[in-house]
Amino acid sequence: MKCVTVLGARPQFVKAAPVSAAMIDAGIDEILVHTGQHFDYEMSQVFFDELNIPEPKYNLAISGGLHGRMTGRMLEAVEAVIDKESPDCVLVYGDTNSTLSGSLAAAKLHVPVAHMEAGIRSYNKNMPEEINRILTDHVSSLLLCPSDTAVENLRKEGIDDGVMMVGDVMADSAMLANRIVKDNPAYLPPIEGFDWGQDFDLLTLHRAENTDERSRIESIFEALNNIGTPLIFPVHPRTQNEIAKADIFLAENIITCEPLSYLSMTALMNRASRVFTDSGGLQKEAYWAQKPCITLREETEWIETLKDSANQLVGTNTQLILGAVEKSNHATFQPALYGDGNSAPRCVSAINGLFQK
């Protein structure tokens, strides 16, 4: 059996690691296609190096530009790969432009699509990711869901065939990463003079709705500049540009560093007191690490994390952000939320069973 897998962004590389390993074990011929959506070393190649993901057979080197232009270029290039390789199925992950281009190219060539992380909804169609995931689900033949909520979301949209609750492959990756970095300071970022024995928090910020609107990013940092504890901030290149453009003041407690590899981010999160983020994936990773998360959005796809103050939605409101810090001290966590570390073999078994010729 041959499967073309389309990847392009940091979270997809993380999810792909255990699935690609399971495909090798199952004897599936996986053809990896890297669209190039994330292209620099720390956002791309480092994941292949650290997580032992096979090198992509195709690197399309497509990045930048408006969403429509990027997706259109990817669609054309991925279509050519699928036409050449004639796979039994195409596997896509999550909700990026790479996801949408892979699923549309396959559907138009009548090649079955398997969607990893199907059924996730924020119900905010202002997010490009929400459009991508909805369209991908509606052209997919196999919908691999990370939660019962995702299965129910699909049912509400009339999608029942090919739906499977397999758990979250990101849990597989997180457990592996935690085993690798446990108690190993070598994975911490090189921040000169920083005392890693002190309390600190972790921040990530990258969503366009937060970084592109001056009032929102100002409100976020008005709060973060006043939380007191050091805040380690690996800065996404796009976010760094927007902070400079808006002339945002960062107080001394906010310590910036370069974007981190997955293993370094795992090591940093394991030592942090809490996490501030507008990322979807990091909300789950914080939960698995039992670190309180303060989410700088008005909604989350991962509603199960909101129980017992483990994850709090605060948007960009300064007072809500500051108030969530105190509440986070009382957070509690449930075991095995979203997965038991064996989701990847279940996913590969489902793909093999449905699509093999």
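For Lys108, the lysines whose Cα falls under 17 Å of its own Cα, not counting residues fewer than eight places away in the same chain, are Lys84.
For segment 180-328, calculate the relative contact order in percent as a whole number, restricting contacts to Cα pairs under 8 Å that are 6 or more residues apart. Each step should come with its number before you reach the end.
Details: 247 pairs, mean separation 39.1, N = 149.
Averaging sequence separation for qualifying contacts and normalising by length gives 26 percent for segment 180-328.
Net charge near Lys245: determine it from the other residues with C-beta under 13 Å of the C-beta of Lys245, scoring Lys and Arg +1 and Asp and Glu -1. The partial results should precede the final answer.
On the way: positive: Arg214, Arg238; negative: Asp212, Glu213, Glu218, Glu242, Asp247.
It works out to a net charge of -3.
Sequence-distant contacts, meaning Cα pairs under 8 Å at least 6 residues apart, place the relative contact order of the chain at 16 percent.
In percent, what relative contact order does segment 93-225 have, based on Cα pairs under 8 Å that are 6 or more apart in sequence? Don't skip to the answer; put the middle values down first.
Details: 136 pairs, mean separation 23.6, N = 133.
Relative contact order comes out at 18 percent.
A Förster radius of 25 Å, combined with the Cβ-Cβ distance separating Arg69 from Asn126, puts the computed FRET efficiency at roughly 0.80.
Per DSSP helix of 4 or more residues, -39500 (n - 2.57); summed, then divided by the residues of the chain. What does that give at 222 nm, rounded to the nearest 500? Rounded to the nearest 500, it is -13000 deg cm²/dmol. Averaged over residues, the count of other Cβ atoms within 10 Å places the peptides 25-31, 184-190 in the sequence 25-31, 184-190, highest first. For the chain, the Cβ-based charge dipole about the Cα centre amounts to some 380 debye (Lys, Arg positive; Asp, Glu negative; other atoms uncharged).
If one takes the longest principal axis of the Cα atoms in the chain, at what angle in degrees, from 0 to 90 and to the nearest 10, does the Cα axis of helix 10-26 lie? With both axes taken from Cα atoms, the answer is about 40 degrees.
Per 0.36 nm of contour for each residue apart, how much would the distance between His138 and Met1 grow if the chain were fully extended, relative to their Cα-Cα spacing?
Working: separation 137, 0.36 × 137 = 49.32 nm, distance 2.40 nm.
Result: 46.9 nm gained on full extension.
Note on Glu157 and Ala244: their simple-model spin labels are 3.8 nm apart, each label 7 Å out from Cα toward Cβ.
Take 133-140, 271-278, 106-113 and order them by the average number of nearby Cβ atoms within 10 Å per residue, most first; the result is 271-278, 133-140, 106-113.
Take every DSSP beta bridge whose two residues both sit in the chain, then give the antiparallel share in percent to the nearest 5. Please report the intermediate quantities before stating the final value.
Working: 0 of 37 bridges.
Around 0 percent antiparallel, to the nearest 5.
Among the listed pairs Lys2/Lys57; Lys15/Lys307; Lys284/Lys327; Lys125/Lys245; Lys182/Lys284, which have their C-alpha atoms separated by more than 20 angstrom in this model? Pairs exceeding the cut-off: Lys15/Lys307; Lys125/Lys245.
We did not get these values from a lab; they are worked out from the coordinates using the rules stated. Since the structure is predicted, the reported quantities are computational estimates derived from the model, not experimental observations. Positions of Cβ are backbone-derived with ideal geometry, glycine not excepted, and every protein chain shown enters the neighbour counts.
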